[in-house]
Amino acid sequence: MKKLNIFMLLLAGSLLWTGCSNDRDDNPVFQEPTGFNLNTPEQASGIYDLQNISSVDLTCVQPDYGYAAGTTYRVQLSLENTFKEADEATGTTANYVTLSTTYPRPELKVDAVEFAMALLDLWKAANENTELPETPMAVYVRLNAALSNNGMGQIPSNVIELPQVLGYNVEPPVSLPGQMFLVGDFASGSSWGKWVEMIPVTDTPGKFWSVQYFGGNNVMKFNAQPMWDGNQVAYSEGLVPAESASLAGVSGVDDGSGGMNIGVKNAGWYIVVVTTALEGKNLNYILEFLSPDIYVTGDVSGGWDTFDDARKFTVPSGEGEFVSPAFVANGNLRLCVKLPSTDWWRTEFMVMNNKIEYRKNGGDQEVVSVSVGQKAYLNFLDGSGRIR
């Protein structure tokens, strides 16, 4: 019996030790790493001809955070072997650039075009915009690591030298714009003095919409940036008015400076839609002017995915408010415009705190509850809205 009691005590102690050990494993303790190692590539002494390779391949040893942590890496480049931070007190700037692409693994295939663009920026900043040399140069590389889930634990690696990197005058690759702005003498504009931001169609890169009022014989342009940077789009090559644009009487109008404005002859409310598409290194634009059809959907309208006159807002005769039909049930409000061949939720919006809030590229918006008999009132010119 005595031997049995001793055995039971030893067994209990073993289980207690195992439990404590598991607790430590299940609750890892973060430790701040002191550094980590970026490996020098085997081909580092060779020539990296950035115009004729697809990537610069790098590997590293993951920082020691005290446990196997998800880590995000970013690449930093400099023309000097010491990376210097910006100093506001002395007015100096950092002598390195950080590439925008992030990498989740310690094996990095750095896009050669992105590398070349960063190198070109570095050279021009350090050499007063002089031309990039046609011979290889030394480029210094390090990585910056951080925890993937919260960005904490940021730490730079050691610096390695790539002694023979051949850059070139790379042109930035053309990509679809992430934003679009209208300007002109229409109601939301102010004699060309105000850029009006369009609404991105949710999860549809390069497509934008905006509800606007035109008084008749107006002119306009649009641009991906709210500025006169030479990239504003007029009625010219690259712009394709859709068949629907005839609804507004769209045509080219001399802008007095050797170009053509986009003319909108017919007065009224329109949903203006700009769709961009890539063609080689050029962007083409399709311009649509659609009927101002604004809808209530969901339970408060009597059902989902039905877009008919019973669920359509009335359109003001001038610069006034759009008014919804009375809600037929208590519930959560859902409002949208309906573009051809486009899911309604991609052009959804809501009234919150007396303001029209657009879904844009976000998820479901905050819930707004309404009651039977209430209506929604929308002023698209000043962005206000109300429910009563």
Do we have residue 64 as assigned to a loop (DSSP other than H, G, I, E, B), touching a residue at least 24 places away in the same chain (Cβ under 8 Å) and either open to solvent by 20 Å² or more (accessible area, probe 1.4 Å) or aliphatic (A, V, I, L, M) (or both) here? yes
Among the residues of the range 278-297, count how many are open to solvent by 50 Å² or more (accessible area, probe 1.4 Å) and of a type in the set (A, V, I, L, M). 2
Can you tell me which residues in the range 42-58 are exposed (fewer than 14 other Cβ atoms within 10 Å of the Cβ) and either assigned to a loop (DSSP other than H, G, I, E, B) or β-branched (Val, Ile, Thr) (or both)? 42, 43, 45, 46, 51, 52, 54
For the range 20-34, indicate whether the set of residues that are aliphatic (A, V, I, L, M), in contact with a helix residue (DSSP H, G or I) (Cβ under 6 Å, 6 or more places away or on another chain) and either open to solvent by less than 80 Å² (accessible area, probe 1.4 Å) or modelled with pLDDT under 95 (or both) is non-empty. no
Which one is modelled with the highest pLDDT among residues in the range 133-148 that are open to solvent by 50 Å² or more (accessible area, probe 1.4 Å) and closer than 28 Å to residue 37 by Cα? 136
Selection from the range 185-221 of residues that are among the polar types (S, T, N, Q) and within 19 Å of residue 319 (Cβ to Cβ): 188, 190, 191, 210, 212, 217, 218
Tell me, yes or no, whether the range 110-132 has at least one residue that is in contact (Cβ under 8 Å) with a residue 60 or more places away in the chain, touching a Phe, Trp or Tyr at 6+ places or on another chain (Cβ under 9 Å), open to solvent by less than 40 Å² (accessible area, probe 1.4 Å) and within 16 Å of residue 156 (Cβ to Cβ). no
Which pairs have Cβ atoms under 9 Å, sit 6 or more apart or on different chains, and link a residue in the range 182-205 that is open to solvent by 60 Å² or more (accessible area, probe 1.4 Å) to one that is among the basic types (Lys, Arg)? 192/221; 203/346
Go through the residues of the range 166-178 one by one and say whether even a single one is at pLDDT 95 or above and open to solvent by 60 Å² or more (accessible area, probe 1.4 Å). no
Within the range 233-252, can one find any residue that is at pLDDT 85 or above, part of a loop (DSSP other than H, G, I, E, B) and either exposed (fewer than 14 other Cβ atoms within 10 Å of the Cβ) or charged (D, E, K, R) (or both)? no
Residue in the range 218-231 that is at pLDDT below 95, under 26 Å from residue 351 (Cβ atoms) and either open to solvent by 50 Å² or more (accessible area, probe 1.4 Å) or in contact with a Phe, Trp or Tyr (Cβ under 6 Å, 6 or more places away or on another chain) (or both) present: yes
Among (1) under 23 Å from residue 244 (Cβ atoms); (2) in contact with a helix residue (DSSP H, G or I) (Cβ under 9 Å, 6 or more places away or on another chain); (3) at pLDDT 95 or above, where does residue 332 come up short? (1)
Go through (1) surrounded by 13 or more Cβ atoms within 10 Å (Cβ to Cβ); (2) over 24 Å from residue 381 (Cα atoms) for residue 272 and report which single condition fails. (2)
Residue 209 passes all but one of the listed conditions (1) open to solvent by 20 Å² or more (accessible area, probe 1.4 Å); (2) touching a residue at least 12 places away in the same chain (Cβ under 8 Å); (3) of a type outside the set (Ser, Thr, Tyr); (4) out of contact with any Phe, Trp or Tyr (no Cβ under 7 Å at 6 or more places or on another chain); the exception is number (1)
Of the residues in the range 294-314, those that are of a type in the set (Asp, Glu) and at pLDDT 95 or above come to 299, 308, 309
Counting only residues that are under 21 Å from residue 180 (Cβ atoms) and open to solvent by less than 30 Å² (accessible area, probe 1.4 Å), give me the strands (runs of 3 or more DSSP E) lying completely in the range 312-388 with at least 2 of them. 334-337, 348-352
Which condition from (1) more than 31 Å from the chain's Cα centre (by Cα); (2) in a loop (DSSP other than H, G, I, E, B); (3) surrounded by 15 or more Cβ atoms within 10 Å (Cβ to Cβ) is the one that residue 300 breaks? (2)
Can you tell which of 75, 97 is under 23 Å from residue 138 (Cβ atoms) and open to solvent by 30 Å² or more (accessible area, probe 1.4 Å)? 97
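The values are calculated or read from the model by the stated rules, or taken from the named source; none is laboratory data. Since the structure is predicted, the reported quantities are computational estimates derived from the model, not experimental observations. All Cβ positions, even for glycine, are placed from backbone atoms using ideal geometry, and neighbour counts span all protein chains on display. The area values use the complete protein model at the heavy-atom level, side chains included, leaving out ligands, DNA and RNA. Shrake-Rupley method; radii C 1.70, N 1.55, O 1.52, S 1.80 Å.
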